[in-house]
Amino acid sequence: MSLLMYAVTEAPADEIRGTGLHGARLGGVRERGLVAIVSDGDSSSIDASEEALWEYEQAIERLMARHVILPARFASILAGEAETRAMIARRYGELIAALDRVRGAVELGISAGWRDGAETSAEAPGSGTEYLLGRLALQRRASAVARRLDPLAALARSSRLRVLPRPALPVTGSYLVDRSRANEFVRLVADLDAGLHEADVVCTGPWPPYSFVEGVPG
Amino acid sequence: MSPNRAIYASEELEIPRTRQVTLLDLLDRLLAGGVVVHGHITLAAADIDLVELDLALLVAATDKAGGR
């Protein structure tokens, strides 16, 4: 039976308990002091729906409450225990470094939206040139919003920002923040939001550190 | 659009529970982040990098994901 992986952790295998996707029981596969948290599952048993994504996220959050974890990408299937151990062995150094990177921290997200519906004028019908000029103007405005969020980086170990990932969103971002500074971070987002005229900024999370597990330089 | 869902927040954090988490916030993390066990193919669609795990999931998710 193949395995669905939820996370990699340092906790001993016999402490892994609880349920994962669709009520499947969680267990651990141990290799060199690291443990992959898994349940039985194959790609056909994964319900491809928004509900399944939320269910998976909740399972990961329950794990994060009890262990230092590197969350796995959704629907990470491994052939079996042997393949899981081989994966851990092959990537041991990288996984250890990632656990050290996220230990004691949470991921907080920010999402900025236009206050005035600016994106609709950028997408109004017109010539190709008008469209491109409109998008350039939108890009400049989005960059200006991103710069106003610079103070957030000072409260984080690491951050990743996207400027205008889509016309409706000037900025989205992920920040790896010490748990002890998370409340301060949330308050700073609220302060920056109050001072921004062009956009409103929402803080989301705390998330498991999905955005910081794959070797992003701080 | 995701269901009107309060942000998961532990008791220690002061994140207001009225905020919505959009599907996009979730997709950006669950499908484009996390430990990768195989060499996934990355597709760029509408300026969002998504992982091709299953074409049905990808199509369903991009249909529903939108701006705020």
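The values are calculated or read from the model by the stated rules, or taken from the named source; none is laboratory data. None of the values given here were measured: they were computed from a predicted structure. Note: ideal-geometry Cβ built from the backbone for every residue, glycine included; neighbour counts use all protein chains shown.
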Here are A:Ala112, A:Ala122, A:Ala98, A:Ala118: which of them is buried (at least 19 other Cβ atoms within 10 Å of the Cβ), modelled with pLDDT under 95 and within 11 Å of another protein chain (Cβ to nearest Cβ)?
-> A:Ala112
State whether one or more residues within segment A:80-87 are basic (Lys, Arg), more than 9 Å from chain B (Cβ to nearest Cβ) and surrounded by 15 or more Cβ atoms within 10 Å (Cβ to Cβ).
-> yes
Neighbours by Cβ (under 6 Å, 6+ apart or cross-chain): first from segment A:200-216, within 14 Å of A:Glu57 (Cα to Cα); second of a type in the set (Val, Ile, Thr) and modelled with pLDDT of 90 or more | A:Pro206/A:Val106; A:Pro208/A:Ile60; A:Pro209/A:Val102
Selection count, segment A:62-72, where residues are within 9 Å of chain B (Cβ to nearest Cβ) and crowded, with 16+ Cβ neighbours inside 10 Å = 3
Considering only residues that are farther than 16 Å from B:Leu30 by Cα and surrounded by 19 or more Cβ atoms within 10 Å (Cβ to Cβ), look in segment A:39-52 and name the one that is nearest to the chain's Cα centre (by Cα).
-> A:Ser39
Could you please let me know if A:Arg179 is closer than 23 Å to A:Pro71 by Cβ, loosely packed, with under 15 Cβ neighbours inside 10 Å and basic (Lys, Arg)?
-> yes
Pick from segment A:194-218 the residues that are closer than 12 Å to A:Trp114 by Cα and either among the hydrophobic types (A, V, I, L, M, F, W, C) or surrounded by 17 or more Cβ atoms within 10 Å (Cβ to Cβ) (or both): which of them is nearest to the chain's Cα centre (by Cα)?
-> A:Val202
The condition of being more than 9 Å from chain B (Cβ to nearest Cβ), modelled with pLDDT of 95 or more, out of contact with any His (no Cβ under 6 Å at 6 or more places or on another chain) and not in a helix (DSSP H, G or I) holds, among A:Leu176, A:Leu152, A:Leu192, only for A:Leu176
Consider A:Gly23 carefully, then state whether it is at positive phi, surrounded by fewer than 23 Cβ atoms within 10 Å (Cβ to Cβ), in contact with a Lys or Arg (Cβ under 9 Å, 6 or more places away or on another chain) and not polar (S, T, N, Q).
-> no
